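The next block holds one structure in the form of structure tokens; read it before the comments.
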Amino acid sequence: FDAVDIIRTKRDRQVLSTEQIDWVIDAYTRGVVAEEQMSALAMAIFLNGMNQDEISTWTQAMINSGETMDFSSLSRPTADKHSTGGVGDKITLPLAPLVASYGVAVPQLSGRGLGHTGGTLDKLEAIPGWRANLSNEEIMHQLETVGAVICAAGSGLAPADKKLYALRDITSTVEAIPLIASSIMSKKIAEGTGSLVLDVKVGSGAFMKDIDQARELAETMVRIGKNAGTATVALLTDMSVPLGRKIGNGLEVEESVEVLAGGGPADVVELTVALAREMLLAAGVDVDPAENLANGKAMDCWRDMIRAQDGDPDAPMPAAKHTETVVAETDGVVSEMDALKVGVASWRLGAGRARKEDPVQAGAGITIHAHLGEQVKAGEPILTLHTDDDYRFERAREALEGGITISTVAPTRESVLLDRIG
Ligand code: URA
């Protein structure tokens, strides 16, 4: 095979054969296909698309580029969740122990935040002592004993995707549905979960801004999962406003613990329970997952999970050195709280990073006092901003400009759940 022929095939809107895809992914991983050739191919795919067979083949080739995990020796079924990312999306934290409390193993191999969306590992690292890096043996042991593991994905899973994602990032080829879908699914299938529930976010704070795009992404991923033999369903959920009242690393751990204690904001609880229900059903367990939030069993599992990774579940979250409040200018009801603007503000306060190697602040972020649909009076606090560096307040306020609207009509938002595909 020849990279130039393969690029020409897709440039001319032809279908790539299985042999062509297998060869190009393998050769790219080995450094035989040059970065500039893969850039051209990624752009050709971006512009001309791939059919479902090409997408499934492409995904399988990326899985074959590295190691896969195998949980078939566990005594429990496995179920995993993936979110396409949002603002205040801490759902993995209460969800993994909740599902595990019903005897289903949850291998949640996670990443770090980049840009305005937070990363699960960054959040858990706010807990003193907690360790993100586990060996494969430790992962297996913890799945058998505790049932839930949230840890860093090893570099051996889908190395082709690691290279390709970095390349897409600098060639403006990230936002192509075939490439996003194969990127996400290659890592999840290589991880070896028995079933997978996808939380595909829709709205300003998400990758997909409108529901039609999100539905197409969800349908593509569900088909990839089914073709690979992994039972997959997707929920489309609202990301036009932040999830819950706390955004930032330690702040999101605090809110997750509120949910595990049977409280917490209604939207976070609704989504946690809905995703748990899907994961449990996929694993053959038909229960109302709200029960183990109410009776403390999910909390027990959380504490065991944190301790197993050397964290202290009783330690208070680190507080930021400085806080500032944003107050309402008029009386009324909060009719808009833009997820992207709030996410960018939290990022600028130090909760996220500008470059991969930057540190994040455990205490930085935003607490929301008056959320969508809630009443405020002029002068009352809407948000509190938290950071260790007080020069960051100005940048956060700039990011928030125009993001919060107070008016006389209350918006309606009955549910964060928009659709189910599976
Ligand atoms: N997340 C991924 O892992 N890959 C993408 O392409 C987009 C989001």
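The values are calculated or read from the model by the stated rules, or taken from the named source; none is laboratory data. Since the model is a prediction, treat every value here as computed from it, not as a measurement. Every residue, glycine as well, gets a Cβ built from its backbone with ideal geometry; the counts of neighbours run over all protein chains shown.
Annotation: M299 fulfils all but one of (1) outside any helix (DSSP H, G or I); (2) surrounded by fewer than 24 Cβ atoms within 10 Å (Cβ to Cβ); (3) of a type outside the set (D, E, K, R); the unmet one is (1). For the range 351-366, the set of residues classified as touching an Asp or Glu at 6+ places or on another chain (Cβ under 9 Å) and within 19 Å of E401 (Cβ to Cβ) consists of A351, G352, G365, listed by residue number.
Restricted to the range 150-164, and to residues there that are more than 13 Å from the ligand (Cβ to nearest atom) and within 16 Å of the chain's Cα centre (by Cα), the residue that is surrounded by the most Cβ atoms within 10 Å (Cβ to Cβ) is I150.
Residues that are outside the structural domain of K297 (by TED's automatic domain parsing), within 11 Å of the ligand (Cβ to nearest atom), over 18 Å from the mean Cα position of the chain (by Cα) and part of a helix (DSSP H, G or I) are absent from the range 181-197 altogether. None of L41, L109 is hydrophobic (A, V, I, L, M, F, W, C), under 28 Å from the mean Cα position of the chain (by Cα) and at pLDDT below 95 except L109.
Residue-level check: of (1) part of a loop (DSSP other than H, G, I, E, B); (2) under 14 Å from M305 (Cβ atoms), I139 misses just (1).
Checking L167, L134, L98 one by one, the residue that is away from the ligand (no atom under 16 Å from the Cβ) and either within 26 Å of G31 (Cα to Cα) or not in a helix (DSSP H, G or I) (or both) is L134 and no other. Checking T330, T367, T325 one by one, the residue that is β-branched (V, I, T) and surrounded by 19 or more Cβ atoms within 10 Å (Cβ to Cβ) is T367 and no other. Against the conditions (1) at pLDDT below 95; (2) within 12 Å of the ligand (Cβ to nearest atom); (3) buried (at least 22 other Cβ atoms within 10 Å of the Cβ), G118 satisfies every one except (2).
A search for C-beta distances below 7 Å between a residue of the range 404-422 that is farther than 8 Å from S335 by Cα and any residue that is assigned to a loop (DSSP other than H, G, I, E, B), counting only pairs 6+ apart in sequence or on different chains, returns R413/L372; R413/G373. Selection over the range 200-234 of residues that are surrounded by 18 or more Cβ atoms within 10 Å (Cβ to Cβ), assigned to a helix (DSSP H, G or I) and either free of Cβ contacts under 8 Å to residues at least 60 places away in the same chain or within 14 Å of the ligand (Cβ to nearest atom) (or both) gives a count of 7. If you go through the range 97-104 one residue at a time, do you hit one that is modelled with pLDDT of 95 or more and under 28 Å from T173 (Cα atoms)? Scanning the range 97-104, I find no residue that is modelled with pLDDT of 95 or more and under 28 Å from T173 (Cα atoms), so the answer is no.
Identify the residue in the range 71-103 that is hydrophobic (A, V, I, L, M, F, W, C) and surrounded by fewer than 24 Cβ atoms within 10 Å (Cβ to Cβ) and, among all such residues, is nearest to the chain's Cα centre (by Cα). The extreme case among them is F71.
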